[in-house]
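Undergrad: Dropping the structure in here first, questions after.
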Amino acid sequence: GGGGGGGTEGPSAGAVESVRYLTSFNTFGRDAYAYVALEKGYFTEAGLNVDIKPGTGTVDAMKLLAGGRADFGIGDFTGTLITTAKEKLPVIAVGMVHQNSLAAIIALEEGGIRTPKDLEGKTIGDQPGSTVQVTFPVYAKAAGIDASKVKFVPGAPPALPQLLASGRVDAIGQFVVGRGLIEKAAQGKKAIVLPYGEVLPDLYGNALLTSNTMAREKPEVVKKFIAALFKGLEYSLANPEESGEILKKYQPTQNAEVAAAEIRAMAPYVAAQGQTIGVVSKAKVEANIKLLTESGAIPAGMTPEQVIDLSLTPQG
Amino acid sequence: MIKLSHVSHVFAGSQGEVHALDDITLEVRRNELVTLVGRSGCGKSTMLRMVAGLLRPSSGTVTVAGEPMGKPRQDVSFMFQRAALLPWRTVLDNVLLPVEILRLDRAAKRRRAHELLELVGLAGFEKRLPHELSGGMQQRASLCRSLIQDPLVLLMDEPFSALDALTREELSIELQRIRREQEMTVIFITHSIEEAVLLADRVAVLSPRPGRLRKIVDVDIPRPRTLGRNAYADRVAEVSAELHELLMPAPMASEGAA
Amino acid sequence: MIKLSHVSHVFAGSQGEVHALDDITLEVRRNELVTLVGRSGCGKSTMLRMVAGLLRPSSGTVTVAGEPMGKPRQDVSFMFQRAALLPWRTVLDNVLLPVEILRLDRAAKRRRAHELLELVGLAGFEKRLPHELSGGMQQRASLCRSLIQDPLVLLMDEPFSALDALTREELSIELQRIRREQEMTVIFITHSIEEAVLLADRVAVLSPRPGRLRKIVDVDIPRPRTLGRNAYADRVAEVSAELHELLMPAPMASEGAA
Amino acid sequence: MIARPRARLTRRLVDWGLPVLGLVALVALWWLATIVFSIEKFLVPAPDDVVEAFIGQAGFLMEQTWVTLLETVQGFAVAVVVGISTAMLIASSRLLEKMIYPLLLAVNAVPKIAIAPILVVWMGFGQFPKIVMVFLLCFFPIVISTATGLKSTPAELTDLVRSYDASRLQVFFKVRFPYALPQVMVGLKTAISLAVIGAVIAEFVGADAGLGYVIVQSGASADTPLAFAAMALLGIISIVLFYGLNALEKVILPWAEENR
Amino acid sequence: MIARPRARLTRRLVDWGLPVLGLVALVALWWLATIVFSIEKFLVPAPDDVVEAFIGQAGFLMEQTWVTLLETVQGFAVAVVVGISTAMLIASSRLLEKMIYPLLLAVNAVPKIAIAPILVVWMGFGQFPKIVMVFLLCFFPIVISTATGLKSTPAELTDLVRSYDASRLQVFFKVRFPYALPQVMVGLKTAISLAVIGAVIAEFVGADAGLGYVIVQSGASADTPLAFAAMALLGIISIVLFYGLNALEKVILPWAEENR
Ligand SMILES: Nc1ncnc2c1ncn2[C@@H]1O[C@H](COP(=O)(O)OP(=O)(O)OP(=O)(O)O)[C@@H](O)[C@H]1O
Ligand SMILES: Nc1ncnc2c1ncn2[C@@H]1O[C@H](COP(=O)(O)OP(=O)(O)OP(=O)(O)O)[C@@H](O)[C@H]1O
Ligand SMILES: Cc1ncc(C[n+]2csc(CCO)c2C)c(N)n1
Ligand SMILES: [Mg+2]
Ligand SMILES: [Mg+2]
């Protein structure tokens, strides 16, 4: 295992706070920044002893946060909105990892899909309830295609690349950064990526989540954690190769080059030109809510305050 | 010592009831040996199981040493029609089973077990598993087991039926010797009239199913008794003939479910 | 009909080898009934299992009807020391088992089965399951099963040992009657000298383990024979005494693993 | 050992009343726990939430139940046939046993959840991979139990039929198999709940119907009460199938339930 | 039935040679299949790919194997203790049986993969939920087999000890339990592979170590050879544990392996 505990040898005064952190989904390059923060001692400097655990998706992360089994976690913002609207979990976003959604539909070039329009009449494999699937009506509307003409078939996340490569499905739901993985799985065939962000520029991607209790009772810890984590994120974007190696150090199953490629691909989505990493704008959150409300994914009347604590988010 | 009053038993089988025993009243005195004879299926084993406390009579009462039989007693030893050896225990350990259960003196009983095994011709087989023994050998091991606890009451269900004539005779003599040395009340089921006469103080004769007590025959022949030509041969023949006749009357073809 | 030449057998047990049979040479003629007597554990069952083709001798050869025994023959019927009834079959279906396996005429054999069951006193128990029968009744059902196929050769391992004296006598007489009516070669193990003399054309006497053929005694008493006082009582007594003596010499205490 | 007539009513009561009582107690305990520990609905919903979720989607859930049930029964049936045949092979010769067992073990040792996605890739999204998964899960206990049962025939019974020079098939069908039946039933009873689980696993990774799919769906939308309703239905399927086997056993094996 | 001295070598050969032969045949078949059908590496890698993946990460994989093995053995041990105790309760009275069985069934019927995430929420990311999951998976077969074994003591043997007025405990330990042991072993053998699977399921949803985690990791990154290497290791764990039980059985139950 990764030895997530990190260094406790840090010089910082006062009691060391132990917190548990969940990655978004497993430990791919896109989640390497937490390990970078750990490896670089950012957490230690902040007086935090962080235990990094691989996450298993937005809803699971929210449940684990709500149940007090973890203190911080990464979840897709759309998924967070939908889940919060439905179940009122005591979970709140305190920062934004991706200013723009990484959600994408990936197909193989040989399949003939080039534009969103080509998706009509095709089947898309994706995990039931995933961002890509849930947000698809919004995407379809924005892209001007008929969502009812696209068939989603359920597939387990680890099998999606194989399903695509073996031709069982025409496309799969993925994150933009998954291109490298898919091309590797498909034996070098070229992948076509249709990012949701191209037609939905307002849609947020992953958000940093914490429990209401944590946000209410230990705002200082939250702030220190946010700062340290996003410092790691910043470093990793600046040093993709080193970050890939760091990830591999903690997670030997990972491939450093693939991870580096993911980090590089992710960079534009994290901070657009000179923006501070992690910032959240109330207007954009409202826009996200509006998008989902219009497509019927969430009931009307949701407010940004229900999902995000703007007093804790990094200020840009 | 053992008293049965108006004991009856009815089995509920797959094809209706079987009336196995009917209104048996019998008293076995302290230190007496009563043999039980009767046609196959007349309820001998059933009766013995009741005295052992393994089966409750449908009606009537059984008392042993003045106490009504609710559950089995530790001073009553039962030797079954089948050897019933535990397949995972060696012969010696099978013999020592009651010692373990009744928490008797291990060392002394161990010696006694070897003696008994020697006596029945199983010396050298102590460490064998039951399936390596012949049928008769298994039965002999079972006999040793039933004797190891020095029981007050010994109930024996056709104990010698799997043994050859000579071993049988030898063991009969041995049983008489043991009874001379220590007090023991015995009920002994046999299908051999010869054996019944040889061993018994009294012979209880059961009628065919449903088993009723047909007659109790006193065997007033001095001990020790042996078979073959001896002074009491006439008396033995006489008793045997009487038993033969008592068992005779019911023609077999009339047997059937009650 | 049955020939054993220089047959020996050694069992490899958990505690070393047991020399069960040693150099047995014996011929059983067509339609003859040979009884096998010997002390418990001397290898009688082992010998019979070889004739049945259930066990290969360690050395020596066995032939039946001129053919060496490689595997069991369909015209040889075996009756075991234990009843070996199939617990899930009714008594009748147990009796009819060989009919099914040998694909004999069902309807006719069904009638025959009822006859046989009646004969052994099991009429009315046809539909019962084995565990509802007494030990003796099970053994009688087993006897019916071994007779249902009208075998050429019948091998019987202490078939009557669980039966009461009268049933036993009745069945002995019945066996003799059947043999008068149809040709049948029989080897019959018994531990009763009386029974051995009653049934046998010849009696083969085995010595204690390792079993050797001690002597073959001709029983030249006219048939049908019955026990009790009759014209040949003296001759019966004489043969019995001889057998008794033959079995005697080896003192039991000398028994032990080979 | 003795069944008296007047005991019959009590017996009937015990046979049906106690299991129901046990289940009611379980549900009550669950309810109590959710209240006492004030467990939240998204974690473990209270029974009333689950009932509500069920009533809200009764028709839909029944359809999904039917889908899962069908997959389960089909896969189980295949496993019974193949499993018993394999056990026959194993029991028929020590040589075959030594060769087949390790293969079986190897196949059984592969975690099925790990290969479930691969099955979808190979066999598509239809019923087939589900049936295969059910088969894979319940095959092994059936084989082990049956083989053990077949190998434990008492020597006296095999000797008996061998003495008729019965064919291997006859020995098998007249003695070994009936004798092994109680043992086979143990295997089937262990297997039947695994069968249900197999169907669920398969539905998790590539299905658009069935209770497993319902669980994935509702899990993904944090609709825990609906997930629990689906799990309860799975439980009911399992229990019904199990008691079905139990009833079958009572009918075909009256001779086996004799000692206690 | 008869073991001649000269047969001993052959026996040894058969005992070890055949299983190995069987496995070698399986691997050869697999290899052949990947070549003949030119199956792609990311779908089903050839044995050499897997070996390569294994060698590349041997140290790491051994560590993960150890983690999984530990969870498996711990959970299994708990299941053995609790399972046999439960079976004792069930076998001791018809009343308890009627009450406990449905509860067991209900618990067993819940698809474990569905509750694995809930276990993590309850019990966190440590070893505990893994051990619980292993326990949940292998508990049931142990109970069913043991209970069946305990209930099948021949009447003549129970009568024997009853005739000494033995205590219930004595009856149990002197007769019922030893008699049931072959049957218990069947349960344990069925359970041991489920135990491994339980560990994997638990590692799938909330672990950062263990072979199950390796499979998730490598599966998701389309590193199928590594996933297969992990599965092969799981298979080896299963087989080793199974043969361990087998060896144990030979030692403690020499009397049971008598008939064929
Ligand atoms: N499977 C076996 N393994 C080892 N030894 C055995 C086996 N079967 C029998 N024996 C031994 O072989 C000898 C002969 O046994 P067998 O059953 O033939 O005796 P028997 O003459 O039929 O005795 P009985 O009259 O008591 O039935 C015995 O000493 C017994 O211990
Ligand atoms: N468990 C049972 N269920 C039904 N009927 C039974 C049961 N046990 C015995 N019987 C019946 O009760 C009757 C008496 O049986 P029991 O065993 O006492 O006879 P027995 O006198 O010992 O016979 P044997 O001399 O043949 O051993 C028989 O007719 C038998 O069919
Ligand atoms: C290799 C791989 N890693 C993670 C996921 C998780 N996931 C499930 S759906 C989805 C797309 C966005 O909703 C993602 C990223 C996956 N499927 N495949
Ligand atoms: Mg009897
Ligand atoms: Mg014998």
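Undergrad: Among the residues of segment E:202-210, is there at least one that is free of Cβ contacts under 8 Å to residues at least 40 places away in the same chain and within 16 Å of ligand 3 (Cβ to nearest atom)?
TA: Going residue by residue through segment E:202-210, those that are free of Cβ contacts under 8 Å to residues at least 40 places away in the same chain are none.
Checking segment E:202-210: not a single residue is free of Cβ contacts under 8 Å to residues at least 40 places away in the same chain and within 16 Å of ligand 3 (Cβ to nearest atom).
Undergrad: While we're on this one: Examine segment E:216-225 for a residue that is in the same structural domain as E:Gln74 (by TED's automatic domain parsing), under 30 Å from A:Thr253 (Cα atoms), away from ligand 5 (no atom under 16 Å from the Cβ) and at pLDDT 85 or above, and state whether such a residue exists.
TA: yes
Undergrad: Can you tell me which residues in segment B:163-181 are under 16 Å from the mean Cα position of the chain (by Cα) and free of Cβ contacts under 8 Å to residues at least 60 places away in the same chain? So that I can check it myself, show each step before the final result.
TA: Initially, segment B:163-181 is screened for residues under 16 Å from the mean Cα position of the chain (by Cα), giving B:163, B:168-169, B:171-176, B:178-179.
Passing the criteria: B:Leu163, B:Arg168, B:Glu169, B:Leu171, B:Ser172, B:Ile173, B:Glu174, B:Leu175, B:Gln176, B:Ile178.
Undergrad: Can you name the number of the only condition in (1) facing another protein chain (nearest Cβ under 7 Å); (2) among the small types (Gly, Ala, Ser); (3) surrounded by fewer than 20 Cβ atoms within 10 Å (Cβ to Cβ) that C:Ser161 fails?
TA: C:Ser161 satisfies all of (1) facing another protein chain (nearest Cβ under 7 Å); (2) among the small types (Gly, Ala, Ser); (3) surrounded by fewer than 20 Cβ atoms within 10 Å (Cβ to Cβ) except (3).
Undergrad: Does D:Phe204 satisfy the condition of being of a type in the set (Phe, Trp, Tyr) and over 20 Å from A:Val59 (Cα atoms)? Spell out the reasoning first.
TA: Numbers: of a type in the set (Phe, Trp, Tyr): yes; over 20 Å from A:Val59 (Cα atoms): no.
When the stated conditions are applied, D:Phe204 does not pass them.
Undergrad: Tell me which residues, restricted to segment D:135-174, are of a type in the set (Val, Ile, Thr) and under 27 Å from B:Ser134 (Cβ atoms). Even if it seems obvious, please write down each step before you answer.
TA: The first filter runs over segment D:135-174 and keeps only residues of a type in the set (Val, Ile, Thr), leaving D:142-144, D:146, D:148, D:153, D:158, D:161, D:171.
Residues satisfying the conditions are D:Thr153, D:Thr158, D:Val161, D:Val171.
Undergrad: Just one of the numbered conditions (1) more than 13 Å from chain B (Cβ to nearest Cβ); (2) in contact with an Asp or Glu (Cβ under 6 Å, 6 or more places away or on another chain) is not true of C:Ser58; which one?
TA: For C:Ser58, the failing item is (2).
Undergrad: Taking B:Ala52 as the residue in question, decide whether it is in contact (Cβ under 8 Å) with a residue 60 or more places away in the chain, over 28 Å from C:Val120 (Cα atoms), within 16 Å of ligand 2 (Cβ to nearest atom) and buried (at least 19 other Cβ atoms within 10 Å of the Cβ).
TA: So B:Ala52 passes the test.
Undergrad: Moving on to the next point. Say whether the condition of being under 24 Å from C:Ser161 (Cα atoms), surrounded by fewer than 24 Cβ atoms within 10 Å (Cβ to Cβ) and without any contact (Cβ under 8 Å) to a residue 12 or more places away in the chain is met by at least one residue in segment B:130-139. Can you show your working first?
TA: Looking only at segment B:130-139, we keep the residues that are under 24 Å from C:Ser161 (Cα atoms), and these are B:130-139.
Retained after the next criterion (residues that are surrounded by fewer than 24 Cβ atoms within 10 Å (Cβ to Cβ)): B:130-135, B:138.
When the remaining residues are screened for being without any contact (Cβ under 8 Å) to a residue 12 or more places away in the chain, the result is B:132, B:134.
Taking every residue of segment B:130-139 in turn, at least one turns out to be under 24 Å from C:Ser161 (Cα atoms), surrounded by fewer than 24 Cβ atoms within 10 Å (Cβ to Cβ) and without any contact (Cβ under 8 Å) to a residue 12 or more places away in the chain.
Undergrad: Let me ask you something else. Every residue in segment D:33-54 that is surrounded by 12 or more Cβ atoms within 10 Å (Cβ to Cβ) and either in contact with a strand residue (DSSP E or B) (Cβ under 6 Å, 6 or more places away or on another chain) or more than 10 Å from every other protein chain (Cβ to nearest Cβ) (or both), please.
TA: The initial filter retains those residues of segment D:33-54 that are surrounded by 12 or more Cβ atoms within 10 Å (Cβ to Cβ), namely D:33-34, D:39-47, D:49-54.
Matches in segment D:33-54: D:Ala33, D:Thr34, D:Pro45, D:Ala46, D:Pro47, D:Asp49, D:Val50, D:Val51, D:Glu52, D:Ala53, D:Phe54.
Undergrad: Same structure, new question: So, restricting to helices (runs of 4 or more DSSP H) that lie completely within segment D:67-184, which ones have at least 3 residues that are crowded, with 23+ Cβ neighbours inside 10 Å and modelled with pLDDT under 85? Steps first, please.
TA: Numbers: elements: D:94-109, D:112-123, D:128-151, D:155-162.
Qualifying helices (runs of 4 or more DSSP H): D:94-109, D:112-123.
Undergrad: If I ask for residues that are more than 14 Å from ligand 3 (Cβ to nearest atom) and among the small types (Gly, Ala, Ser), which ones from segment A:130-154 would you list?
TA: Selection gives A:Ala140, A:Ala142, A:Ala143, A:Gly144, A:Ala147, A:Ser148.
Residue-wise test of (1) touching a strand residue (DSSP E or B) at 6+ places or on another chain (Cβ under 9 Å); (2) over 25 Å from D:Val240 (Cα atoms); (3) more than 7 Å from every other protein chain (Cβ to nearest Cβ).
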site	(1), (2), (3)
D:Val134	no, no, yes
D:Thr153	no, yes, no
D:Asp159	yes, yes, no
D:Ser163	yes, yes, no
D:Arg168	no, yes, yes
D:Val171	no, yes, yes
D:Ala191	no, no, yes
D:Ala195	no, no, yes
D:Gly210	no, no, yes
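Undergrad: Then there's this: Exactly one of (1) assigned to a helix (DSSP H, G or I); (2) within 14 Å of chain B (Cβ to nearest Cβ); (3) away from ligand 2 (no atom under 15 Å from the Cβ) is unmet by C:Glu100. Its number?
TA: It fails just one condition, (2).
Undergrad: Just to be sure I understand, how many residues within segment B:24-46 are touching a Leu at 6+ places or on another chain (Cβ under 8 Å) and surrounded by fewer than 16 Cβ atoms within 10 Å (Cβ to Cβ)?
TA: 2
Undergrad: In segment A:237-252, what residues are within 14 Å of chain E (Cβ to nearest Cβ) and in contact (Cβ under 8 Å) with a residue 12 or more places away in the chain?
TA: We begin by selecting, within segment A:237-252, every residue within 14 Å of chain E (Cβ to nearest Cβ); these are A:244, A:247-252.
Across segment A:237-252, the qualifying residues are A:Gly244, A:Leu247, A:Lys249, A:Tyr250, A:Gln251.
Undergrad: For segment C:63-83, enumerate the residues that are within 14 Å of chain D (Cβ to nearest Cβ), more than 12 Å from ligand 1 (Cβ to nearest atom) and touching a strand residue (DSSP E or B) at 6+ places or on another chain (Cβ under 7 Å).
TA: Within segment C:63-83, C:Val64, C:Met69, C:Arg73, C:Asp75, C:Val76, C:Ser77, C:Phe78, C:Met79 qualify.
Undergrad: Among what's in segment A:171-209 and is assigned to a helix (DSSP H, G or I) and among the acidic types (Asp, Glu), pick the residue that is farthest from A:Leu108 (Cα to Cα). Reasoning before the result, please.
TA: Of all residues in segment A:171-209, those assigned to a helix (DSSP H, G or I) come to A:176-185, A:196-199.
Subset that is among the acidic types (Asp, Glu): A:183, A:198.
Working: A:Glu183: 9, A:Glu198: 19 Å.
Residue satisfying both the conditions and the ranking: A:Glu198.
Undergrad: Can you name the number of the only condition in (1) modelled with pLDDT of 90 or more; (2) of a type in the set (Gly, Ala, Ser); (3) surrounded by 22 or more Cβ atoms within 10 Å (Cβ to Cβ) that B:Ser5 fails?
TA: The single condition B:Ser5 does not satisfy is (3).
Undergrad: What number of residues in segment D:132-185 are more than 30 Å from D:Glu203 (Cα to Cα) and in contact (Cβ under 8 Å) with a residue 12 or more places away in the chain? Before you say what the answer is, go through the steps one by one.
TA: We begin by selecting, within segment D:132-185, every residue more than 30 Å from D:Glu203 (Cα to Cα); these are D:147-183.
Keeping just the survivors that are in contact (Cβ under 8 Å) with a residue 12 or more places away in the chain gives D:147-154, D:157-158, D:160-161, D:168, D:171-172, D:174-177, D:179-183.
The number of residues fulfilling the criteria is 24.
Undergrad: Ok, one more. Every residue in segment B:8-33 that is away from chain C (no Cβ under 14 Å) and more than 16 Å from ligand 4 (Cβ to nearest atom), please. Spell out how you get there, then give the answer.
TA: Of all residues in segment B:8-33, those away from chain C (no Cβ under 14 Å) come to B:8, B:22-33.
B:Ser8, B:Asp22, B:Asp23, B:Thr25, B:Leu26, B:Glu27, B:Val28, B:Arg29, B:Arg30, B:Asn31, B:Glu32, B:Leu33 - these are the residues of segment B:8-33 that are away from chain C (no Cβ under 14 Å) and more than 16 Å from ligand 4 (Cβ to nearest atom).
Undergrad: Taking B:Leu116 and the conditions (1) among the aliphatic types (A, V, I, L, M); (2) in a helix (DSSP H, G or I); (3) in contact (Cβ under 8 Å) with a residue 60 or more places away in the chain, which numbered condition does it fall short on, given that it satisfies the others?
TA: Unmet condition: (3).
Undergrad: Here is a follow-up. For the condition part of a strand (DSSP E or B), within 16 Å of ligand 5 (Cβ to nearest atom) and farther than 27 Å from B:Leu92 by Cα, what is the one hit in C:Leu26, C:Leu36, C:Leu55, C:Leu48?
TA: Working: C:Leu26 fails: within 16 Å of ligand 5 (Cβ to nearest atom); C:Leu55 fails: part of a strand (DSSP E or B); C:Leu48 fails: part of a strand (DSSP E or B).
None of the others qualify; the one that does is C:Leu36.
The values are calculated or read from the model by the stated rules, or taken from the named source; none is laboratory data. Keep in mind that this is a model prediction, so the values were computed, not measured. Here Cβ is always computed from backbone atoms with ideal geometry, including for glycine, and neighbour counts include all displayed protein chains.
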